[in-house]
1. If the reach is capped at under 12 angstrom between alpha carbons, list the aspartates and glutamates near LYS135, excluding any in the same chain fewer than eight residues apart.
2. Please give the direction-averaged projected area of the C-alpha convex hull for region 65-150, in square nanometres with one decimal.
3. Could you order peptides 26-32, 97-103, 194-200 by the average number of other Cβ atoms within 10 Å of their residues, highest first?
4. Once Lys and Arg get +1 and Asp and Glu get -1 on their Cβ, which of ASN299, VAL162, THR194 lies farthest toward the positive end of the dipole of the chain?
5. Provide the packing ranking of 14-21, 260-267, i.e. peptides ordered by the mean count of other C-beta atoms within 10 Å per residue, highest first.
6. Kindly work out what percent of the DSSP beta bridges joining two residues of the chain are antiparallel, to the nearest 5.
7. Rounded to the nearest 500, what is the 222 nm mean residue ellipticity of the chain from helices alone, with -39500 (n - 2.57) per DSSP H run of 4+ residues and division by all residues?
8. In what sequence, highest mean first, do 307-319, 245-257, 269-281 appear when ranked by Cβ atoms within 10 angstrom?
Amino acid sequence: MLLKELSEAVGVSGQEDAVRQLILPAIRDHVTDVRIDPLGNVTAVQRGTGGGLRVMLAAHMDEIGFMVTGFDGDGLVRFTAVGGVDERILPGLRVRLGDSAVPGVVIWAPIHKTAGQNNTVQIKNLRIDIGASSKDEAQSRVKLGDRAAFDSRFLELSPTVVRGKAFDDRVGCALLVDILQGGPYACDVLAAFTVQEEIGLRGARVAARILQPDVALALEGTTANDIPDPLADPDEEVEPNPACRLGAGPALTLMDRSLIADPRLLACLRRAAEAEGIPYQLKTALGGGTDAGAIHLTNSGVPSAVISVPCRYIHSPAALLNRDDYAHTLRLVQAALNHLTPDALRRA
């Protein structure tokens, strides 16, 4: 299963090589003009059957993680975050470091090194223990600049729910591979497996300049906030207001911190979903950003939108997604590629 392989691959921002090596053979027989640009993006083209729009589909290969920044004399490893990491989840987590996947555990720094400092969880007060007993031993096993990723395995929790790391955005990468394998479509598909999204949407900006699309869709894994608030009064009835729900279909973003979804493109997606009987939900919670935030500002402007698979506990070692949401997202993108026309995007 490609999603499993992609989830378990390590591809912290700036070092997406292992993910790229899984994607290239999976798409090779379905596209032309395959290119790895100087930044590391994979771009490719699948010609459409209708001579219509050139639609860029973007999914980012990178994941959040960590980078080694130093060593203590007792062999503990200092590190910093790469991308948006919630420091509260880190103590006790297992990680893998460097090309050799050296195993380690995140721990609090010894009390004599943090005396008088704030007791809240901060990365500067954490270390990675790799079992080394001296600085020299630690430096013989990992080096400055090595990336570290969550040590996590893909698991099927039920017939419909799976668990894994890096669903943001390996789920988008898996979708884009499935889309290409299911083509061609009425539109030309301009595929972009991008790098360095988690640290500033960098790869997408370059890929959009290369591909010169008419419109763009970012394929993402997004936050599902559909579990009860543990701090809420259990006897009080509160109307839930989640960002997204597992099992309710793909999420169409209205606006986030990087983008206001093009209303014409959003209307096309909703019409396609309704015509095909595909459930969908609207993401109204303002937060985060996606590759679409960079793509829509490139060239002379690119109408852009975001289609996401909802995932619980995103940016953690154990995110959950619903297979039905994945299947409905795939169907919606495929339907959209056969529904989008230049007329649908003309301004009044």
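Every number in this text was worked out from the coordinates using simple rules, so none of it is lab data. Note that the coordinates shown come from a computational prediction; the quantities given were computed from them, not determined experimentally. Don't worry about glycine lacking a Cβ; one is built from the backbone with ideal geometry, like all the others, and counts go over all protein chains shown.
1. Counting by Cα, and skipping residues close in sequence, LYS135 has these aspartates and glutamates nearby: ASP72, ASP74.
2. Values: hull surface 20.4 nm².
Mean projected area for region 65-150: 5.1 nm², to one decimal.
3. Numbers: 26-32: 14.4, 97-103: 16.0, 194-200: 23.9.
In descending order of packing, they fall as 194-200, 97-103, 26-32.
4. Farthest towards the positive end: ASN299.
5. Working: 14-21: 19.0, 260-267: 17.5.
Descending mean neighbour count gives 14-21, 260-267.
6. Numbers: 39 of 62 bridges.
In the chain, approximately 65 percent of DSSP beta bridges are antiparallel ones.
7. Values: 9 runs with 90 residues, N = 348.
Mean residue ellipticity at 222 nm (helix-derived): -7500 deg cm²/dmol.
8. On the way: 307-319: 23.4, 245-257: 19.8, 269-281: 16.5.
In decreasing order of mean packing, 307-319, 245-257, 269-281 become 307-319, 245-257, 269-281.
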